[in-house]
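J.: What follows is a single structure, and I will ask about it in a moment.
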Amino acid sequence: MLPWKRLLRPLTALLLTAVVAVVPAATAHAAAPSSGWNDYSCKPSAGHPRPVVLVHGTFANSTDNWLAFAPYLVDRGYCVFSLDYGQLPGVPLFNALGPIDKSAEQLQVFVDKVLAATGAPKADLVGHSQGGLMPRYYLKFLGGAAKVNAFVGIAPDNHGTTLDGLTNLLPYFPGAEDLLSAATPALADQIVGSAFLTKLNAGGDTVPGVHYTVIATKYDEVVTPYRSQFLTGSDVHNVLLQDLCPVDLSEHAAIGLLDRIAFHEAANALDPAHATPTNCASVFS
């Protein structure tokens with residue numbers, strides 16, 4: 001075996017480890033059913049007329065990613081739903097690994113199911129990490145803009161990631177990108193300059209009719225540089241968590257899993273007519 005070929009598997013393993021290290025370590029809870037959400041008998045209220053669809057991140061699933069945020073919304077009177085997507089054959093619990101465009105098709109089907117069950121004409125979407133990126137494909141290419149009012153991305157990799165420069169090493173290992181694409185297509189799709197991102201971002205970041213919010217943290221170690229998460233468009237609200245609360249130290253996983261300051265700002269985006277200032281005290285709200 002050629003020397004560079006011996007390095008392919010360790011490099012791929014390193015890339016995977018870098019992502020897994022910051023994905024929820026709570027997989028022990030993965031078998032637990034969701035509580036208070038995914039209730040298809042739920043009918044949206046006049047105060048919250050749209051169901052909220054939660055879109056998990058890479059290596060996560062519809063339960064673990066939302067153990068804190070889904071109940072947070074349910075307690076505030078929302079009908080809340082979450083889906084699993086991007087599954088690979090023979091890989092349990094860890095989702096969002098398949099091609100992102102195909103995952104967007106799964107989201108399309110799920111949103112239609114939620115709208116049919118609730119009777120609502122539109123839904124709102126909230127996604128974490130890849131879940132803050134993938135729905136943009138649905139909105140732009142699969143007719144989602146007609147069915148979605150607001151989209152909140154928490155730590156999304158909207159313009160790809162360098163993984164703190166780690167992906168810059170890929171060109172030095174011939175065949176590494178092909179191996180990554182074959183084994184875990186979603187990871188390859190999220191690298192800066194990928195064909196998927198080039199197609200997605202061509203002609204502008206957003207589509208008319210959808211209210212976009214991005215919530216990022218400067219301590220993000222997965223989506224780097226963190227400002228690449230922000231979108232450009234006429235109806236975009238980009239938020240840096242530390243501008244809301246300077247002492248908030250949440251990184252990539254924590255901002256989506258347990259940060260109530262981020263949750264409060266996301267709730268403001270879902271109901272801007274009743275928004276209240278987000279600050280450090282929002283942890284108690």
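J.: Mind checking which pairs have a first residue in region 66-79 that is closer than 11 Å to His48 by Cβ and touching a residue at least 60 places away in the same chain (Cβ under 8 Å) and a second that is open to solvent by less than 10 Å² (accessible area, probe 1.4 Å) and not hydroxyl-bearing (Ser, Thr, Tyr), Cβ under 8 Å, 6 or more apart or different chains?
T.: Leu73/Val52; Leu73/Val80; Leu73/Leu270; Tyr78/Pro51; Tyr78/Val52; Tyr78/Leu270
J.: Here's a follow-up. Pairs needed: first member in region 106-126, open to solvent by 60 Å² or more (accessible area, probe 1.4 Å); second member anywhere, modelled with pLDDT of 95 or more and of a type in the set (S, T, N, Q); C-beta distance under 7 Å; at least 6 residues apart or different chains.
T.: Pairs found: Lys122/Asn149.
J.: Oh, and also: How many residues does region 69-95 contain that are of a type in the set (A, V, I, L, M), in contact with a Phe, Trp or Tyr (Cβ under 6 Å, 6 or more places away or on another chain) and in a loop (DSSP other than H, G, I, E, B)? Give the steps one after another, and end with the answer.
T.: First, pick out the residues of region 69-95 that are of a type in the set (A, V, I, L, M): 70, 73-74, 80, 83, 88, 91, 93.
After this cut, where a residue has to be in contact with a Phe, Trp or Tyr (Cβ under 6 Å, 6 or more places away or on another chain) as well, the list is 70, 74, 80, 83.
Those still in the list that are in a loop (DSSP other than H, G, I, E, B) too: none.
Count: 0.
J.: Only one of these is touching a strand residue (DSSP E or B) at 6+ places or on another chain (Cβ under 8 Å), of a type outside the set (A, V, I, L, M, F, W, C) and touching a residue at least 40 places away in the same chain (Cβ under 8 Å): Asp205, Asp235. Name it.
T.: Working: Asp235 fails: touching a residue at least 40 places away in the same chain (Cβ under 8 Å).
Testing whether each residue is touching a strand residue (DSSP E or B) at 6+ places or on another chain (Cβ under 8 Å), of a type outside the set (A, V, I, L, M, F, W, C) and touching a residue at least 40 places away in the same chain (Cβ under 8 Å) leaves just Asp205.
J.: Now a separate question. Pairs only if they're at least six apart or on different chains, beta carbon under 6 angstrom, first in region 32-54 and within 22 Å of Ala104 (Cα to Cα) and of a type in the set (A, V, I, L, M, F, W, C), second assigned to a loop (DSSP other than H, G, I, E, B) and at pLDDT 95 or above; list them, first residue then second.
T.: Every condition considered, the pairs that remain are Val52/Tyr78.
J.: While we're on this one: Does Lys102 count as open to solvent by 60 Å² or more (accessible area, probe 1.4 Å), among the charged types (D, E, K, R) and within 16 Å of the chain's Cα centre (by Cα)? It would help to see each step written out before you state the result.
T.: Numbers: open to solvent by 60 Å² or more (accessible area, probe 1.4 Å): yes; among the charged types (D, E, K, R): yes; within 16 Å of the chain's Cα centre (by Cα): yes.
Spelling it out, Lys102 is indeed open to solvent by 60 Å² or more (accessible area, probe 1.4 Å), among the charged types (D, E, K, R) and within 16 Å of the chain's Cα centre (by Cα).
J.: If a residue has to be open to solvent by 10 Å² or more (accessible area, probe 1.4 Å) and not aliphatic (A, V, I, L, M) to count, how many in region 135-154 make the cut?
T.: Looking only at that region, the number is 6.
J.: I'd like to know if region 142-159 contains one or more residues that are modelled with pLDDT under 95, out of contact with any Gly (no Cβ under 7 Å at 6 or more places or on another chain) and of a type in the set (A, V, I, L, M, F, W, C). Even if it seems obvious, please write down each step before you answer.
T.: Here is the first cut: in region 142-159, the residues modelled with pLDDT under 95 are none.
Checked against the condition, which is being modelled with pLDDT under 95, out of contact with any Gly (no Cβ under 7 Å at 6 or more places or on another chain) and of a type in the set (A, V, I, L, M, F, W, C), region 142-159 yields no hits at all.
J.: Which ones in region 66-99 are crowded, with 18+ Cβ neighbours inside 10 Å and of a type in the set (S, T, N, Q)?
T.: Ser82, Asn95
J.: Residue under question is Ala275, and the condition is that it be among the aliphatic types (A, V, I, L, M) and modelled with pLDDT under 95; does it hold? Step through it out loud before you land on a result.
T.: Details: among the aliphatic types (A, V, I, L, M): yes; modelled with pLDDT under 95: no.
Spelling it out, it is not the case that Ala275 is among the aliphatic types (A, V, I, L, M) and modelled with pLDDT under 95.
J.: Filtering region 200-228 down to residues that are surrounded by 22 or more Cβ atoms within 10 Å (Cβ to Cβ), of a type outside the set (Ser, Thr, Tyr) and closer than 14 Å to Pro135 by Cβ, which residue is nearest to the chain's Cα centre (by Cα)?
T.: Val214
J.: Hey, among the residues in region 183-195 that are surrounded by fewer than 21 Cβ atoms within 10 Å (Cβ to Cβ) and touching a helix residue (DSSP H, G or I) at 6+ places or on another chain (Cβ under 7 Å), which one's farthest from His237 (Cα to Cα)?
T.: The extreme case among them is Ala183.
J.: Another question, if that's okay. Taking Asn168 as meeting all but one of (1) under 17 Å from Ser82 (Cα atoms); (2) at pLDDT below 95, write down the number of the exception.
T.: Status for Asn168: all satisfied but (1).
J.: A further question follows. Report yes if some residue within region 244-261 is among the acidic types (Asp, Glu), closer than 21 Å to Leu142 by Cα and either touching a Phe, Trp or Tyr at 6+ places or on another chain (Cβ under 8 Å) or modelled with pLDDT of 95 or more (or both); otherwise report no. Step through it out loud before you land on a result.
T.: Taking region 244-261 and keeping what is among the acidic types (Asp, Glu), we get 248, 251, 259.
Next, only the ones that are closer than 21 Å to Leu142 by Cα stay: none.
There is no residue in region 244-261 that is among the acidic types (Asp, Glu), closer than 21 Å to Leu142 by Cα and either touching a Phe, Trp or Tyr at 6+ places or on another chain (Cβ under 8 Å) or modelled with pLDDT of 95 or more (or both).
The values are calculated or read from the model by the stated rules, or taken from the named source; none is laboratory data. If you're wondering where the values come from, they're calculated on a predicted model, not measured in any experiment. Positions of Cβ are backbone-derived with ideal geometry, glycine not excepted, and every protein chain shown enters the neighbour counts. Side chains included, ligands, DNA and RNA excluded: accessible areas come from the protein's heavy atoms. Shrake-Rupley method; radii C 1.70, N 1.55, O 1.52, S 1.80 Å.
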